[in-house]
Amino acid sequence: MGLAQKIIVESATETQLEEFIVGFCGEFKSHKDKDTWVITEHDLQKMSFAMKVDGSSIFCHRSGAYFAVLGMFIECLSGSFPSINVSDA
């Protein structure tokens with residue numbers, strides 16, 4: 001797939017992160033494939049924005065017209081949890 005990041009969310013449990021992603025994905029055309037949530041469309045823009053939770057981290061892989069969704073994801077995540085750290089995976 002395209003670009004990848006690891007987002008470490010301090011003070012978050014795996015369950016909290018999964019609940020966050022479920023709520024976030026509800027705003028977009030998306031589906032869950034095994035343990036990965038994938039957003040496929042926003043504002044008629046096609047993309048693949050995949051998120052997988054591992055402990056207190058979220059691994060994101062994305063391609064296509066994902067930029068607006070990435071911005072919303074980071075903004076919502078940082079507004080919901082006290083500290084996040086984003087690095088290339």
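The values are calculated or read from the model by the stated rules, or taken from the named source; none is laboratory data. Because the structure is a prediction, the values reported are computed rather than measured. Neighbour counts run over all protein chains shown; Cβ positions are idealised from the backbone, glycine included. Keep in mind that these areas ignore ligands, DNA and RNA; they rest on the heavy atoms of the full protein, side chains included. Shrake-Rupley method; radii C 1.70, N 1.55, O 1.52, S 1.80 Å.
Diffusion of the chain by Stokes-Einstein, at 4 °C in a medium of 1.567 mPa s and with Rh set to the Kirkwood radius over alpha-carbon pairs, works out to 101 µm²/s.
Relative to the longest principal axis of the Cα atoms of the chain, the long axis of helix 14-25 lies at roughly 30 degrees.
What the Cβ-Cβ distance of GLN16 and LEU44 gives, at R0 = 41 Å and to the nearest 0.05, is a FRET efficiency of 0.85.
Mind checking the per residue accessible area of region 5-85 for me, 1.4 Å probe, whole number of Å²? Don't skip to the answer; put the middle values down first.
Working: 4470 Å² over 81 residues.
Computed with neighbouring chains in place, this is 55 Å² per residue.
A Gaussian network model of the chain, with springs between Cα atoms under 10 Å, assigns the largest mean-square fluctuation among ASP35, ASP43, ASP54 to ASP43.
For the chain, compute the number of Lys pairs whose alpha carbons are separated by less than 13 Å, excluding pairs fewer than 8 positions apart on the same chain.
4
Give the carbon-plus-sulfur fraction of the accessible surface of region 9-68 in %, rounded to a whole number; probe 1.4 Å, heavy atoms of protein chains only. So the carbon and sulfur contribution to the accessible surface is 50 percent.
Against the main long axis of the alpha-carbon atoms of the chain, helix 67-80 sits at an angle near 20°.
With a cut-off of at most 16 other beta carbons within 10 Å, and DSSP calling the residue loop, which trypsin sites (Lys or Arg not before Pro) in region 1-56 qualify? Please list them.
On the way: sites: LYS6, LYS29, LYS32, LYS34, LYS46, LYS52; in loops: LYS34.
When the trypsin sites (Lys or Arg not before Pro) of region 1-56 are filtered for loop state and at most 16 Cβ neighbours within 10 Å, LYS34 remain.
Projecting the Cα atoms of SER83, THR13, ALA68 onto the charge dipole of the chain (Cβ charges, centred on the Cα centre) puts ALA68 farthest toward the positive pole.
Could you work out how much longer the chain between THR36 and PHE59 gets when fully extended? Use 0.36 nm per residue separation minus the Cα distance between them, nm to one decimal.
On the way: separation 23, 0.36 × 23 = 8.28 nm, distance 0.93 nm.
Fully extending the segment from THR36 to PHE59 adds 7.3 nm.
Counted by Cβ distance under 14 Å from GLY64, the other residues give a net charge of +1, where Lys and Arg count +1 and Asp and Glu count -1.
For GLU10, GLU75, what's the largest-to-smallest order of accessible area, 1.4 Å probe? Don't skip to the answer; put the middle values down first.
Details: GLU10 100, GLU75 135 Å².
Accessible-area ranking of GLU10, GLU75, largest first: GLU75, GLU10.
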